[in-house]
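To keep things clear, I will list the structure first and then write my remarks on it.
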């Protein structure tokens, strides 16, 4: 297991506000579920430059995509949720499905070679599109932490949610990774009013017309509605105040997309605006978002009323593919409807540091690409 104390001792992480373990406790490896000794230790003076990420992997399907992931030689892999499809109120079933993931040969090779971070989305949380109302959430939290190798003292075990943060590197090349929990405290989602028509019939009609097909959900106008909850919001604002040269907000749901009709930050208007305002107020330069959930890959960018261009790089799924394209006014370029993972290559040492994002298919072929220069991700000076 690669834990925070070992990384701090090796100079690979910097402490966060509130003490050594305040911002998160581990760079976890799911190999701990089988054999912690198989986890590859990071090199001395580690600074991630190649960060792979993905979401939506059915544990009962073949997962050949891991060969392409390993061929990309990532320094770190981030699981963005739906890492299994639990969909149950039976803890034994959740554990069994995690065991099926642990038995996947490609996944085991990943665990042996690459440090792993993980969050959950709805299906590994335990129920499709569930939020705070899910009755098994405390047990699911324990199972998640056990599987991903969280030690007994991990704050991810005791908080109201599995949110976490880590900071790598040193001043000038400092990378912060934020891992929010969009399930544990989330207000129940609002559905569209389709009258007497079922969503299946309504969406099929749009598909037959060749139109984009939104999902069945809508914005929640209630100012008290939230995905994060008050305690997690206080934590996130503290994290955004920490100095960093680049930041990755690893969100299980799309942050920038407007408006897919499925689960997304935009459904919770207060949270969406609060995030933009928090970035601006804390002068949290260098932040980009990565997201999953959708079963397709795309790039989104918000430039209007944002502190700086807010990019969201969506990669989904590792085994799942969605057949139609939902609407998204913030989409840049096309949509990749194929199994895929995301890869961010951070050029820390060039004359103009940048992040290059790629969506890579199961054959290892980059299909979408976007470069973002860090000097474009700065909150303008006041006045």
Checklist entry - Rounded to the nearest 5, what % of the DSSP beta bridges within the stretch 289-383 are antiparallel ones? => result 90
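Would you work out the relative contact order for the chain, in percent, from Cα pairs under 8 angstrom that are 6 or more residues apart?
Details: 928 pairs, mean separation 65.3, N = 383.
Relative contact order, the chain: 17 percent.
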Checklist entry - Classify the stretch 324-383: rounded, prolate or oblate, from the alpha-carbon gyration tensor (a ≥ b ≥ c, eigenvalue square roots; a/c under 1.5 rounded; otherwise prolate if a/b is larger than b/c)? => result oblate
Checklist entry - With labels modelled as points extended 7 Å from the Cα through the Cβ direction, what inter-label distance (nm, one decimal) is found for residue 170 paired with residue 370? => result 3.3
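Shape call for the stretch 284-383 from the C-alpha gyration tensor, a ≥ b ≥ c root eigenvalues: rounded (a/c under 1.5), prolate (a/b greater than b/c) or oblate?
On the way: a/c = 2.92, a/b = 1.55, b/c = 1.88.
Oblate, since a/c reaches 1.5 and b/c is not below a/b.
How much of the DSSP beta bridge set in the stretch 2-376 is antiparallel, as a percent to the nearest 5? Walk me through the numbers before you get to the answer.
Details: 40 of 61 bridges.
For the stretch 2-376, the DSSP antiparallel bridge percentage is about 65.
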Checklist entry - When the chain is fully extended, how far beyond the present Cα-Cα distance does residue 199 get from residue 109, taking 0.36 nm per residue of separation? => result 28.3 nm
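Apply 1/(1 + (r/R0)^6) to the Cβ-Cβ distance of residue 363 and residue 100, taking R0 = 25 Å, and write down the FRET efficiency to the nearest 0.05. Could you put the intermediate results ahead of the total?
On the way: r = 25 Å, r/R0 = 0.99.
That gives a FRET efficiency of 0.50.
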Checklist outcome for this item: The distance between the Cα centres of the stretch 287-328 and the stretch 123-202, in whole Å, is 18
Checklist entry - Applying 1/(1 + (r/R0)^6) with R0 = 25 Å to the Cβ-Cβ distance of residue 378 and residue 224, what FRET efficiency is obtained, to the nearest 0.05? => result 0.15
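Only counting other Cβ atoms within 10 Å, I'd like 77, 168 sorted with the fewest neighbours first. Walk me through the intermediate numbers first.
On the way: 77 26, 168 22.
Least crowded to most crowded, the residues run 168, 77.
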Next on the checklist: Between residue 49 and residue 91, how high is the FRET efficiency from 1/(1 + (r/R0)^6) when r is the Cβ-Cβ distance and R₀ = 45 Å? Nearest 0.05.
Outcome noted: 0.70
Item to check | Extension gain, residue 157 back to residue 324 (0.36 nm per residue minus Cα-Cα distance, nm) | outcome: 56.3 nm
Next on the checklist: Test of understanding: ordering 291, 251 by Cβ neighbours within 10 Å, fewest first, what list do you get?
Outcome noted: 251, 291
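Give me 97, 137 ranked fewest to most by other Cβ atoms within 10 Å of their Cβ, as a rough exposure proxy.
On the way: 97 23, 137 20.
Starting with the residue having the fewest Cβ neighbours, the order is 137, 97.
Just check the chain against the gyration tensor rule for me: Cα atoms, a ≥ b ≥ c as the square roots of the eigenvalues, rounded for a/c under 1.5, and otherwise prolate or oblate depending on whether a/b exceeds b/c.
rounded
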Checklist outcome for this item: Placing each pseudo-label 7 Å from Cα in the direction of the beta carbon, residue 67 and residue 349 end up separated by a distance in nanometres of 3.2
Next on the checklist: Running a GNM on the chain with Cα contacts under 10 Å, which residue among 234, 141, 370 ends up with the highest mean-square fluctuation?
Outcome noted: 234
Checklist entry - Can you list the residues of the stretch 258-292 with backbone N under 20 Å from a point 7 Å past the Cα of residue 133, pointing along Cα to Cβ? => result 261-271
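Just so you know, all these numbers are worked out from the coordinates, no wet-lab data involved. Only a predicted model underlies this, so the values are computations on that prediction, with no experimental measurement involved. Here the Cβ is made from the backbone with ideal geometry for all residues, glycine too, and neighbour counts use every protein chain on show.
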